[in-house]
Number of protein chains: 2
Amino acid sequence: MSSDFHIKPEIRILGIDDSALLHERVMIVGTVFRGGDWIDGILRSDITRDGLDATEVISTMIKNSRHYSQLRIVMLDGITYGGFNVVDIEELYRETGLPVIVVMRAYPDFEKIRAALRHFSDGEVRWDMIKKAGKIEKLITEKNRTPIYIQKAGIGVKSAEKIVRLTSIRSNIPEPLRVAHLIATGIILGESRGKA
Amino acid sequence: MSSDFHIKPEIRILGIDDSALLHERVMIVGTVFRGGDWIDGILRSDITRDGLDATEVISTMIKNSRHYSQLRIVMLDGITYGGFNVVDIEELYRETGLPVIVVMRAYPDFEKIRAALRHFSDGEVRWDMIKKAGKIEKLITEKNRTPIYIQKAGIGVKSAEKIVRLTSIRSNIPEPLRVAHLIATGIILGESRGKA
């Protein structure tokens, strides 16, 4: 997909976050947004803590959704969910046909990640998926001087930045991810908290 | 509280809905909204299916929330949650100090409710709580010609109507209730559905 990807103000976006690591299965929540404004739907599934099923579970959750045909973008909050369950964003793009934008609040500490992955027998596989996610771009939105960092699959960096700006109306985090985080923590812990 | 209750566009509202009756405990979800626009937080608790604990559980959930001091209004989706677990809206108002607005998509079928309550040994207690919720007002919002019905405690009908109009930006249902419904069904069933 080229960087002249057409962006309507009401572009349908699925933002996905995970919940606290309380159990072997970790709940993930998807919010279907129109741009940064309205919530059209909520999806829920679960992945294995430190497993390798995140890409497949997220892909299946998307393809089974009644919103699938309207969705244009998937937004992820980093590429590791439920501990070290790494999402292969190129594979997610291929499987769903939907471009993926990864949003991070901080530049990843790759040395630390690599060290942690040494405890996994398949650490190299996970490390390859992390490297494959590609270049990390720094982005400063109008809403907040704190930069965020993005990666992408199936979309140019200019279009990805436009979509992040369009939807970051409440903080420096796009609404689909901010709200997915509130829901995932609120449902599991009884009250939402934290970073967004 | 008089009907000249001051309404800021960003008035903090808690909208509460319940989820499908799959188990003995039924999840309830609260969304903290600023007017009809932004979600500030998510609360979650659970009540007993066909029990009588809804008033107390909701009241405790509100008083324990970090958002309590900022909240100005509680919105309920009808007054029966988790089957026939009736909310005593006067008691909820007294316990929390927050005015309560009840929103209904249809005028309640009181004959049917009364008949169903005959199967409960404490059906009369529940019936009294339902009668006590007071007069039902019909309201037509700008967004949709389909009328809705409201009841209230601790607030005048004019102010209640203003708040419902202010927050019904997406459908004829106020956003805090529309989104609470999407979350409650989405989390329990895997994908949101239905009425809003």
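Below are the figures for this structure:
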{"item": "For the range A:110-191, radius of gyration divided by Kirkwood radius, i.e. Rg to Rh on alpha-carbons", "result": "1.06"}
{"item": "Per-residue HN-Hα couplings for the range B:23-33 [Karplus 6.51, -1.76, 1.60; θ = phi - 60°; Hz; x = Gly/Pro]", "result": "9, 5, 9, 10, 6, 10, 10, x, 10, 8, 10"}
{"item": "Apportionment of accessible area to carbon and sulfur, the protein assembly as shown, percent (1.4 Å)", "result": "49 percent"}
{"item": "Residue-by-residue Karplus 3J(HN,Hα) for the range B:47-55, coefficients 6.51, -1.76, 1.60, Hz, glycine and proline x", "result": "10, 8, 4, 6, x, 10, 9, 4, 4"}
{"item": "Candidates B:L76, B:L21, B:L177: whichever shows maximal mean-square fluctuation once chain B is modelled as a Gaussian network with Cα springs under 10 Å", "result": "B:L21"}
{"item": "Threshold 40 Å², the range B:158-196 residues less accessible with all protein chains present than alone (1.4 Å probe)", "result": "B:R170, B:L182, B:I183, B:I187, B:G190, B:E191, B:S192"}
{"item": "Scattering profile of the protein assembly as shown at q = 0.10, 0.11, 0.15 Å⁻¹ [log10 I(q)/I(0), Debye over alpha-carbon scatterers]", "result": "-0.67, -0.79, -1.28"}
{"item": "Placed amide H near B:D50: partners under 5 Å, 5+ positions off or other chain", "result": "B:G83, B:F84, B:N85"}
{"item": "Flagged links, alpha-carbon separation over 28 Å, of B:K63/B:K162; A:K112/A:K162; B:K112/B:K158; B:K112/B:K135; B:K63/B:K112", "result": "A:K112/A:K162; B:K112/B:K158; B:K63/B:K112"}
{"item": "Sites A:S69 and B:T60, calculated FRET efficiency, Cβ-Cβ separation with R0 45 Å, nearest 0.05", "result": "0.60"}
{"item": "Surface/4 estimate of mean projected area, convex hull on alpha-carbon atoms of chain A, nm²", "result": "10.2 nm²"}
{"item": "Per-residue ³J(HN,Hα) for the range A:132-137, Karplus 6.51 cos²θ - 1.76 cosθ + 1.60, θ = phi - 60°, Hz, x for Gly and Pro", "result": "4, 5, x, 4, 9, 9"}
{"item": "Fluctuation leader among A:I13, A:I169, A:I79 - chain A, Gaussian network, Cα springs under 10 angstrom", "result": "A:I169"}
{"item": "Under 5 Å, built H, 5+ apart or other chain: amide partners of A:K152", "result": "A:V102"}
{"item": "Label spacing, shortest first and in nm, from A:K132 to its equivalents in the remaining copies (7 angstrom along Cα→Cβ)", "result": "6.2"}
{"item": "Added length on full extension, which subtracts the Cα-Cα distance from 0.36 nm per residue, A:R94 to A:T146", "result": "15.5 nm"}
{"item": "For the range B:1-64, projected area of the alpha-carbon convex hull averaged over all directions, nm²", "result": "5.6 nm²"}
{"item": "Of A:D17, A:D40, A:D122, the one that fluctuates the most in a GNM where chain A has Cα springs shorter than 10 Å", "result": "A:D122"}
{"item": "Restricting the range B:27-124 to trypsin sites (Lys or Arg not before Pro) in coil, as DSSP defines it, with at most 15 other Cβ within 10 Å", "result": "B:R66, B:R105, B:R118"}
{"item": "Sum of -39500 (n - 2.57) over DSSP H runs of 4+, divided by residues of chain A (222 nm, nearest 500)", "result": "-9500 deg cm²/dmol"}
{"item": "Cβ-vector label at 7 Å, A:R72, separations to other copies in nm", "result": "3.5"}
{"item": "Inter-copy label distances at B:D109 (7 Å, Cα→Cβ; nm, one decimal)", "result": "6.1"}
{"item": "Antiparallel content of DSSP bridges confined to chain B, in %, to 5", "result": "75 percent"}
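The values are calculated or read from the model by the stated rules, or taken from the named source; none is laboratory data. These numbers come from a predicted model, not from an experiment. So basically every Cβ, Gly included, is an ideal-geometry build from the backbone, and we count neighbours across all protein chains shown. Only protein heavy atoms, including side chains, enter the accessible area calculation; ligands, DNA and RNA are left aside. Shrake-Rupley method; radii C 1.70, N 1.55, O 1.52, S 1.80 Å.
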